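Below: one structure, written as structure tokens.
The values are calculated or read from the model by the stated rules, or taken from the named source; none is laboratory data. Quick caveat, the model's predicted, so the values are computed rather than measured. Quick reminder, even Gly has a Cβ in these numbers, built from the backbone with ideal geometry, and neighbours come from all protein chains shown.
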Amino acid sequence: MHVSVLFVCSGNICRSPMAEAIFRHKVQTAGLQSRVLVDSAGTGSWHAGDPAHPGTRAVLHTHGISSDGLKARRVSRHDFQTFDYLVAMDGEHEHDLTRWARDYGLRGRIVRMLDYASPSVTQGRRDVPDPYYTGQFELVFTLLDSATNGLLAEIQEALRQIA
């Protein structure tokens, strides 16, 4: 069995590619790269084809995580039939994905990123803040690092039950 995960934010240059890179790194460290597909996309297309934001690349580099191959793209109709998890960075993204899922059908499920994070890290937050406007790339990394731990634990348990 394979599990596929799509991280979704607005322009796919800050939050979702950071989540993709962090999660891919953890999947590889766990030796699950042949069983877990990881990607990211944006709800908008204004950055399509662009690399990840310099702040995203810098914070990933600081933490020893590669940003190679991260290129912005827009969520497509195909994504709703391909991915087991469509992971929204905030409520607006969750709303957009839910609305589109009604039109496109949905094979997997739509979840909120911070629902997988430790409450001690989120401190009541439900949304991953957009560092494009705030410059808080390190805060976003901390939130995503915690949330990807929780998501990976859920996926590892699902893979164990099927194995």
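Below, the figures for the structure above:
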| quantity | calculated |
| --- | --- |
| Residue identified as more than 25 Å from PRO129 (Cβ to Cβ), modelled with pLDDT of 95 or more and under 17 Å from the mean Cα position of the chain (by Cα) among SER67, SER76 | SER76 |
| Residues being under 16 Å from the mean Cα position of the chain (by Cα) and not basic (Lys, Arg) - total across the stretch 35-58 | 13 |
| Close pairs (9 angstrom Cβ cut-off, 6 or more residues apart or separate chains): without any contact (Cβ under 8 Å) to a residue 24 or more places away in the chain and farther than 12 Å from ASP68 by Cα in the stretch 19-33, buried (at least 22 other Cβ atoms within 10 Å of the Cβ) and charged (D, E, K, R) anywhere | GLN33/ARG24 |
| Those helices (runs of 4 or more DSSP H) lying entirely in the stretch 34-130 with at least 2 residues surrounded by 13 or more Cβ atoms within 10 Å (Cβ to Cβ) and either without any contact (Cβ under 8 Å) to a residue 60 or more places away in the chain or in contact with a Gly (Cβ under 6 Å, 6 or more places away or on another chain) (or both) | 91-104, 119-122 |
| Conditions (1) closer than 18 Å to ASP127 by Cα; (2) touching a residue at least 24 places away in the same chain (Cβ under 8 Å); (3) surrounded by fewer than 21 Cβ atoms within 10 Å (Cβ to Cβ): number failed by ASN12 | (3) |
